[in-house]
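Some notes on the structure that comes next.
The values are calculated or read from the model by the stated rules, or taken from the named source; none is laboratory data. Since this is a predicted model, take the numbers as computed values, not measurements. Cβ placement follows ideal geometry from the backbone for every residue including glycine, while neighbour counts extend to all protein chains displayed. Please note that ligands, DNA and RNA were not included when accessible areas were found on the heavy atoms of the full protein model with its side chains. Shrake-Rupley method; radii C 1.70, N 1.55, O 1.52, S 1.80 Å.
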Amino acid sequence: MGIQERVFELLEEITMVEEISVYDELAADLGLDSLGMISLLVALEDTFHIELDESDMDPLALQTVEDIVQLMEKYMEEET
């Protein structure tokens, strides 16, 4: 399973939204509030076996599903 698919799966579990798109906005389209965002970040760390830098957890920088996918791709590239 690829990074994008894993991110979609996590978002579906957290938001209960079945149709996720990279263009979806986390708050406006998926209804993620600050608590949901924390849940997502913790789930990302657990799923991808990483520890996010505090600078990468800025909710203003993470607005869309694509932002989350790109962040995970960055971390996965760093591991190789």
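Quick notes
- A search for C-beta distances below 9 Å between a residue of region 45-70 that is aliphatic (A, V, I, L, M) and any residue that is open to solvent by 90 Å² or more (accessible area, probe 1.4 Å) and not in a strand (DSSP E or B), counting only pairs 6+ apart in sequence or on different chains, returns I50/E78; I50/E79; M57/I38; A61/S55; V65/Y23.
- Taken residue by residue, region 36-49 has no member that is in a loop (DSSP other than H, G, I, E, B), touching a Ser or Thr at 6+ places or on another chain (Cβ under 9 Å) and open to solvent by 80 Å² or more (accessible area, probe 1.4 Å).
- Criterion violated by V22 - all others in (1) open to solvent by 60 Å² or more (accessible area, probe 1.4 Å); (2) in a loop (DSSP other than H, G, I, E, B); (3) not polar (S, T, N, Q) satisfied: (1)
- Residues that are more than 8 Å from the chain's Cα centre (by Cα) and either at positive phi or among the β-branched types (V, I, T) (or both) within region 42-72 comprise V42, T47, H49, I50, T64, listed in sequence order.
- Lone unmet requirement of (1) open to solvent by 70 Å² or more (accessible area, probe 1.4 Å); (2) at pLDDT below 95; (3) assigned to a helix (DSSP H, G or I); (4) not basic (K, R) for L60: (3)
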